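Every number in this text was worked out from the coordinates using simple rules, so none of it is lab data. As the structure is a prediction and not an experimental result, all values here were calculated from the model. Reconstructed Cβ throughout: ideal geometry from the backbone, glycine too, with neighbour counts over all protein chains shown.
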């Protein structure tokens, strides 16, 4: 279960010119590998996640998840790929205020058409894995910021993704809670053999990742061991 970006280029209209978001980007993330991508605002990190997650199609290059070339799929195929093989963890947990932690996960399974009994078993298993087994019936207002982010991680794993894309997961957390979430992502990446990319401004927790890469003006440096 891998992600490979090869010679990816993406631009956006900017007045009478094109703004380069991604410029000849190459990236390979293997199953069980946790890669952090750092860089200033506007460097292309969000565009990288959008392309890797089949939300935006590049103008050039290929995006391959497992053995599927995303750029060869139509819209329906990309939607199915995201639903079945990609998990997203957002900067804010974006939980529905009226739903319990358990129901946040079950909603994902319902949209995917999963059987209720199977979905409940997996949801309880994931909440236990992220340390929230005793808070399955709590609503977001009854959870701390770190706990809400952990629910977001569990929700992203409901579909047993091959690829996990994480956007600034520690931005609203203090150091200890932030490290706890990144450590959880590291452990889940290893245990479930997913390919994980985390974009972040937070340099304090990079020691928990396998590799780091730097985005600057749409270009990505070759990841190096940390």
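Exposure proxy ranking for 120, 147, 179, based on other Cβ atoms within 10 angstrom of each Cβ and starting from the fewest, stands as 120, 179, 147. Remark: 23, 14 ranked as 14, 23, counting other beta-carbon atoms within 10 Å and listing the fewest first. When only Cα pairs below 8 angstrom with a gap of at least 6 residues are kept, region 1-150 shows a relative contact order of 19 percent.
Our note on the geometry: Cα centres of region 154-169 and region 170-209, 12 Å apart.
Extending 7 Å from Cα along the Cβ direction at residue 107 and again at residue 171 yields two label points whose distance is 2.0 nm. Taking the Kirkwood radius as Rh and the Cα radius of gyration as Rg, the chain has a ratio of Rg/Rh equal to 0.97.
By the beta-carbon count within 10 Å of each Cβ, the least crowded to most crowded order of 2, 212, 118, 221, fewest first, is 118, 221, 2, 212. Report, to the nearest 10°, how far helix 101-112 tilts away from the longest principal axis of the Cα atoms in the chain, using its own Cα long axis and a range of 0 to 90°. The angle comes out at about 60 degrees. Relative to the current alpha-carbon distance between residue 83 and residue 216, full extension at 0.36 nm per residue lengthens the span by 44.9 nm. Between the Cα long axis of helix 175-191 and the first principal axis of the chain there is an angle of about 80°, rounded to the nearest 10.
Rounded to the nearest 10 degrees, the angle from helix 145-156 to the longest Cα principal axis of the chain is 70 degrees.
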